[in-house]
C-alpha cells in the first residue's frame, strides 16, 4: 500500500516511521517486548512528532503528488504492536487483522532469514528527520528468524498484543480474517473486507496452496504437534486430522 512500496507491498514512508518508533526503545520487529512500555509512558510525546511527519511534504512518498480523497491504508505487521498510537493518530481508522497459522509464519520467517542477504549488512536506513540513522541490526534479526522456536514465540507475542485491539479501539472498527480462509474461499472474505473498508477489493491471485503449508513437511508437522498448546491459545490446531 502506498505510492512507494517495498517488496512486500508495504509503504516505505510508514515503514520508516515505524522503524523510528521502535528504535526509541531499542526494539526491532523481532524484539518487541519494550514497545508496550514505550507507548504507555511516551505516547504523548511521540504522537505530535509522528503527526507532524505525516502532515509534512515527506508524505508524498506514501500519498503521491495528489492527496488521497478516499480510503487509504497502511500494511505493516508492526502495527500489531503500535496500534495504540495509530488509534490516537487516526481515531476513525479501521483495522484489518489477517492471522496465519503460527508454524507457517515461523517457517516463512526462517526461509527469509536464510535466503535473503538483506538480513545481513545492507545500506543504512534512510533518515526520518534529516539525521543519519544507525544501520538496522540485520544480523541479529537473521539469528532470531533462523530459529523456528523463536519465530513461533514471536508469532505468539504479536497475537497476544492483538488481543487488546478490540478493547482499545472498539470491536466495530476491527475486522479479523484468517489467511487460510481468505486464500481458500476468497469470494466470501473479500466481500466481508469490501463491506468493511467501503471499497471493492478483488482477488489478484490468492493461492489456496499457501494455506497450512507446514502439513506437507514431516519435520514441520512434527514441530507443530510439539507446540499444540501454544497454537491452540490463538485458535489454531497442530493438525486438521
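The values are calculated or read from the model by the stated rules, or taken from the named source; none is laboratory data. Since the structure is predicted, the reported quantities are computational estimates derived from the model, not experimental observations. Virtual Cβ from ideal backbone geometry, glycine too; neighbours counted across all protein chains shown.
Search the range 212-241 for residues being surrounded by 15 or more Cβ atoms within 10 Å (Cβ to Cβ), assigned to a loop (DSSP other than H, G, I, E, B) and modelled with pLDDT of 95 or more, and hand back the single one that is nearest to the chain's Cα centre (by Cα). I'd like the intermediate steps shown before the answer.
Within the range 212-241, the first condition is being surrounded by 15 or more Cβ atoms within 10 Å (Cβ to Cβ), and the residues that meet it are 212-215, 220-221, 223-224, 227, 230-231, 234, 236, 238.
With assigned to a loop (DSSP other than H, G, I, E, B) added as a condition, the list becomes 212, 227, 234, 236, 238.
Now restrict to residues that are modelled with pLDDT of 95 or more: 212, 227, 234, 236.
Working: 212: 19, 227: 22, 234: 17, 236: 19 Å.
The qualifying residue nearest to the chain's Cα centre (by Cα) is 234.
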Of all residues in the range 174-191, count the ones that are in a helix (DSSP H, G or I) and crowded, with 17+ Cβ neighbours inside 10 Å.
-> 8
Looking at residue 206, is it surrounded by 13 or more Cβ atoms within 10 Å (Cβ to Cβ), in contact with a helix residue (DSSP H, G or I) (Cβ under 8 Å, 6 or more places away or on another chain), in the same structural domain as residue 98 (by TED's automatic domain parsing) and at pLDDT below 95?
-> yes
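For the range 53-62, state whether one or more residues are over 16 Å from residue 78 (Cβ atoms), in contact (Cβ under 8 Å) with a residue 40 or more places away in the chain, in contact with a strand residue (DSSP E or B) (Cβ under 9 Å, 6 or more places away or on another chain) and not in a helix (DSSP H, G or I).
no
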